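The values are calculated or read from the model by the stated rules, or taken from the named source; none is laboratory data. Keep in mind that what you see is a predicted model, and the values were worked out from it rather than measured. No Cβ is skipped: glycine too gets one built from the backbone with ideal geometry, and neighbour counts run over all protein chains shown. Only protein heavy atoms, including side chains, enter the accessible area calculation; ligands, DNA and RNA are left aside. Shrake-Rupley method; radii C 1.70, N 1.55, O 1.52, S 1.80 Å.
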Amino acid sequence: KNHAGHPEWPLMSLSFGDVDWADTCLERLFKCQCLSEEEVRKLCVKARDILQAEENVHPVSLPCTLVGDIHGQWYDLEEMFAIGGVPPDTNYVFLGDYVDRGYFSIETVSLIVALKVRYPGRVHVLRGNHESRQITQVYGFYDQCLKQYGSPNVWKYFTDLFDFLPLSILINNKIFSVHGGLSPVIDTIDQIRSLDRFLEVPHDGPICDLIWSDPDDRTGWGVSPRGAGYTFGSDVTKRWNHVNGLALTARAHQLVMEGFNYTHDQQLLTLFSAPNYCYRCGNRAAIMEVDEDFKTIMQQFEAAPRDEETIAKMNLTTPEYFL
């Protein structure tokens, strides 16, 4: 049994020494403490071995809990775990965007990756548009790594790891989960399985579309205002779900004020799990729990309360792009 007294989940490539090491890392990460540069390197090597063996369409069984964008908001991630439970008790599906914007990208992505390494069968992660070299150099993660470690090495370890993240997650063959949306050049899930994902997010093409696209009120395909991916209408979603035998397509990628939003006649769900996004948007966050019978419970939550010590730490780590 592990330190929490639960039966062990499959260890995959972890030896018992590695389990102890991962538990030690998690103990510090759950206190919002950064790992050393060498510990991050070791963590990313172990995570790469696990992710490399996963498919582009990673299968997950119910019950599980889906989580949208987190964006380096560590204290809100802690609040989310308080509501949804901590692995391995809860089987988590994270829909991407672990870094950037928030004050604690290093601590946040380190914790999620460490949980993946420790409980690979209970923590499932896919790639968001911020899990890329180009975007992280603009929105904060690169700067935080440089400030914390004095070199870009940790940023490089993580961004190299991001190339191994699956593109999508298929839950009980009925819920298709992706970060962004659909692609005009992909009609079936099998087509996603044949893509070569082990690279930086391209500027266009099917991988870019899955990570960047957004739903739209208009029908058909449209030009995305983001400059990457497409917009897609309810007719596209309905056809996709029908052809692939799906009950729902779930995605993240967009701020929604209540934390979740069903569109396209309830066939598409947007989930956003960073409350009071950028510490000023005033939105609620949500996670979705799905049981073995596909019954869903939407757990909404507000931003975590900030004590004086937290506020002081946030002020010390305020990135320049917030000023």
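Tabulated data
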| quantity | calculated |
| --- | --- |
| Rounded to 10°, Cα long-axis angle of helix 74-84 versus longest principal axis of the chain | 70 degrees |
| Rg ratio (alpha-carbon, reference 2.2 N^0.38 Å) - the stretch 214-284 | 1.19 |
| Exceeding the 29 Å Cα-Cα cut-off - candidates LYS116/LYS174; LYS31/LYS147; LYS46/LYS238; LYS46/LYS147 | LYS46/LYS238 |
| Cα long-axis angle, helix 153-162 against the chain (0 to 90 degrees, to the nearest 10) | 30 degrees |
| Largest-first principal axis extents of the Cα set of the chain (Å) | 48, 47, 35 |
| Carbon/sulfur fraction of accessible area - the chain, other protein chains in place, 1.4 Å, % | 51 percent |
| Cα gyration tensor shape of the stretch 16-107, rounded if a/c is under 1.5, else prolate or oblate by comparing a/b with b/c | rounded |
| Relative contact order for the chain, counting Cα pairs under 8 Å that sit 6 or more residues apart, in percent | 18 percent |
| Over the stretch 169-260, relative contact order from alpha-carbon pairs under 8 Å, at least 6 apart, % | 34 percent |
| Mean Cβ neighbour count within 10 Å, used as a protection proxy, ranking 31-39, 73-81, 136-144 highest first | 73-81, 136-144, 31-39 |
